[in-house]
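The values are calculated or read from the model by the stated rules, or taken from the named source; none is laboratory data. Note that the coordinates shown come from a computational prediction; the quantities given were computed from them, not determined experimentally. Don't worry about glycine lacking a Cβ; one is built from the backbone with ideal geometry, like all the others, and counts go over all protein chains shown.
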Amino acid sequence: MTENEFLLSDRIQKIQQIIGQYGEENFYISFSGGKDSTVLSALLDMAIPNNKIPRVYANTGIEYRLILEFVEKMKEKDHPWELIILKPTIPIKPMLEKDGYPFKSKRHSKTLDIFQRLGRTESVVRYLGESTDKVPWSSILSCPKSLKFQFTEDYPLRVSDKCCKRMKEEPLDKWAKENNKVYNINGIMRSEGGRRFNAECLAFSGDKLKSFQPLAPITKEWEEWFIKKYDIELSKIYLPPYNLERTGCKGCPFARHLQDELDTLERYFPEERKQCEIIWKPVYDEYRRIGYRLMPYDNKDGQMTIDEWLKAESEEE
């Protein structure tokens, strides 16, 4: 048995154990139509043939067209389980204007939101690297020097990490409550890093199970092996000529390789690129102004030159 086969066997046993322990009727899958959730769905079918655990897709209204088409195609297939598509619950623009825009990462956005509402709390001071309370991961998750200027009272852009919660988590939670589904199964992988680097298979709220994350120990290399070996159908957006590495909400400012993503949209889906520029305009403008993640239009008014921008991007990696 190879290492990949051993991990597959381990994940199948884990899924069978947890679903058997907590009851199949109590689970649902957060299905995004992306690579991870598609692999998760296939793995669940392999572990529990003919399961009836529903796959639930929260349409935010800013999904990639090819992802939405893939989800609709999956919905039409003959499965023992049902694929449920939730309609957008609130328009994205007024929500962002009210709650704040995503910037850099969920941790950065959440901490800046705390600062903008409550000032220099302990968590803000720790994130800025100014706390005497040193913890092992503090340097990994601290604020980049180039963005510390945002933590000032006169910084104009309202920032928060609430868009995912408002557009995806809350609609899914509402559906789950209305349909008596207690436990969420999702495709979180700790290898993705960021706030997911310490993800566990079982996520608890207190002593109560909140969600099951079977892919937590999985690597991207294993995922590619599984897709190839079992011929898992994916959205066309992951395939040539598009080859996108991440999906989710299109043009999301959290994407580290946002410039590459927008360039791909410009080449193949120009109308979707225009939509991104409208939705995320305040963040994109700021990214370009400071030469962060997006290439500046020019070097006027103190903007970076292209060479300076490329050097900064390589340092972020």
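Yes or no: region 115-130 includes at least one residue that is within 21 Å of the chain's Cα centre (by Cα), surrounded by 17 or more Cβ atoms within 10 Å (Cβ to Cβ) and either farther than 26 Å from Asp285 by Cβ or among the polar types (S, T, N, Q) (or both). For region 115-130, residues within 21 Å of the chain's Cα centre (by Cα), surrounded by 17 or more Cβ atoms within 10 Å (Cβ to Cβ) and either farther than 26 Å from Asp285 by Cβ or among the polar types (S, T, N, Q) (or both): absent. Taking region 1-29, which residues are farther than 14 Å from Met74 by Cβ and not in a helix (DSSP H, G or I)? Answer for region 1-29, where residues must be farther than 14 Å from Met74 by Cβ and not in a helix (DSSP H, G or I): Met1, Thr2, Gly23, Phe27, Tyr28. Among all positions in region 19-41, there is no residue which is in contact with a helix residue (DSSP H, G or I) (Cβ under 8 Å, 6 or more places away or on another chain), loosely packed, with under 15 Cβ neighbours inside 10 Å and at pLDDT 95 or above. The condition of being touching a Gly at 6+ places or on another chain (Cβ under 8 Å) and within 22 Å of Met74 (Cβ to Cβ) holds for only one of Leu234, Leu215, that being Leu215.
Reported count of residues in region 51-60, each being touching a Cys at 6+ places or on another chain (Cβ under 9 Å) and either more than 15 Å from Ser30 (Cα to Cα) or small (Gly, Ala, Ser) (or both), is 0.
The single condition among (1) within 29 Å of Lys87 (Cβ to Cβ); (2) touching a residue at least 60 places away in the same chain (Cβ under 8 Å); (3) in contact with a Phe, Trp or Tyr (Cβ under 8 Å, 6 or more places away or on another chain); (4) not aromatic (Phe, Trp, Tyr) that Leu215 does not meet is (3). Residues in region 122-175 that are among the hydroxyl-bearing types (Ser, Thr, Tyr), modelled with pLDDT of 95 or more and over 14 Å from Arg107 (Cβ atoms): Thr152, Tyr155. Scan region 200-231 for residues that are in contact with a strand residue (DSSP E or B) (Cβ under 7 Å, 6 or more places away or on another chain) and over 16 Å from Asp36 (Cβ atoms) and jot them down. Leu202, Phe204, Leu209, Lys210, listed by residue number.
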